[in-house]
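The values are calculated or read from the model by the stated rules, or taken from the named source; none is laboratory data. Values in this document were obtained by computation on a predicted structure and should not be read as measured data. Cβ atoms come from the backbone with ideal geometry, glycine included; neighbour counts cover every protein chain shown.
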């Protein structure tokens, strides 16, 4: 049986995954207009990704400010969830004999970030 790699992302609580205007996958955090906020992408393929749920949870506990902990959760992403938005990541997730390269786990740098809180 072939097992595909999954990845994990940090998502904003309360969003609707089927509505990109109401869903956000974490990329970074900072301030906008003096107000602390998290910034992210409307698709998981472009967000910050993790190899395991534990890695994502550890990142949240170490890096996110306290206000961010209660506003975000870890969510698994399977290859078919990102097929159209991230073909290179999709290919890496489907290779069962090699780990996903670190570069594929980083947030996409040349895309516009969406600010959400």
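Structure notes:
- Residue match in the stretch 37-49 (condition: at pLDDT 80 or above, outside any loop (DSSP other than H, G, I, E, B) and either more than 30 Å from residue 98 (Cα to Cα) or in contact with a helix residue (DSSP H, G or I) (Cβ under 7 Å, 6 or more places away or on another chain) (or both)): yes
- Within the stretch 53-117, helices (runs of 4 or more DSSP H) holding 1 or more residues that are at pLDDT 70 or above: 53-63, 66-69, 102-105
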